[in-house]
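Since the structure comes first, as structure tokens, the remarks are kept for the end.
The values are calculated or read from the model by the stated rules, or taken from the named source; none is laboratory data. Because the structure is a prediction, the values reported are computed rather than measured. Quick reminder, even Gly has a Cβ in these numbers, built from the backbone with ideal geometry, and neighbours come from all protein chains shown.
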């Protein structure tokens, strides 16, 4: 059994990554099964954020690309192509910041108003659907990153729902770099990203934190209002993994670089979850870090009464020719998205976990058995 200190002393430079990973798996196979958060292939001695490694020329090119994308926006899969200097396109942009307490000192969370999806069950719908917030320039947003770093002492800058404002986000990261930002950047996304958007973020983002929500076109169309969500998510997540690889930690247990995929277990959607887990194992990496989330609850439009239709209610004729309208139980209880109008069960959550394990996934965002910090 490895001790935590033994893990930290692993001679990383003496073995290439692939042989080291193969050897580690062989050793683990002989050990009693347990949950590992730190393993030699995923342990970093130290870490410098990727944006700090950009040359001045590379940073200048990033800025130029960001401004160019704003003039003809193609940075989400809807590809509206509008001039963002003159109009908002499909969605507005504004920033809303809220430090949230996570891990040791917390993750510096920055919420962006609006979203390029319209999830019927969105648990942040007051921000994403109603677009509450206020407008900031990229430079003003960068100043908030610095405040979170210097005053809040957070572990990272966590950008939440940034897909539709990727150019502004890229410019804010580059501005914060010049202001002295030294924290890793977390890109917290629905995975409904275009490859152009992810190319712009390459070298700026350290940790990609995408959701993979549903698999089928029917579920995507009905619940997310996007016909091609799963196809986009598959392509996006593969690109994210290409950029940053599997999730890696420093010796204190804090994630610094890599991919962490989240899946929100939803009522009656176990089959979709099984497809998602199979894709991650077969087409991304069996070492991908997965967060199987059980906190689904009906929100946003789920469970709201259906809009009344202008139709004549059914009538019956009583003896003597007296007619009256009939109101059935189903009509009084008819609500929107009734199939997901309940919490998930323990059996559904455990079923998704077992499906993930069956396809070979093994790195899960379980509560750590050490003092480390999990995103």
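A few points about this structure:
- Of the candidates 67, 23, the single residue that is outside the structural domain of residue 286 (by TED's automatic domain parsing) and either over 18 Å from residue 250 (Cα atoms) or at pLDDT below 55 (or both) is 23.
- Qualifying residue in region 117-126 (condition: within 20 Å of the chain's Cα centre (by Cα), in the same structural domain as residue 48 (by TED's automatic domain parsing), at pLDDT below 85 and assigned to a helix (DSSP H, G or I)): yes
- Filter result for residue 231 (closer than 15 Å to residue 119 by Cα and surrounded by fewer than 22 Cβ atoms within 10 Å (Cβ to Cβ)): no
- Consider region 325-342 and keep the residues that are in a loop (DSSP other than H, G, I, E, B) and loosely packed, with under 13 Cβ neighbours inside 10 Å. The one that is modelled with the highest pLDDT is 334.
- Single match in 183, 209 (criterion: at pLDDT 95 or above and under 20 Å from residue 122 (Cβ atoms)): 209
- The single condition from (1) surrounded by 23 or more Cβ atoms within 10 Å (Cβ to Cβ); (2) on the phi < 0 side of the Ramachandran plot; (3) touching a strand residue (DSSP E or B) at 6+ places or on another chain (Cβ under 9 Å) that residue 149 fails is (1).
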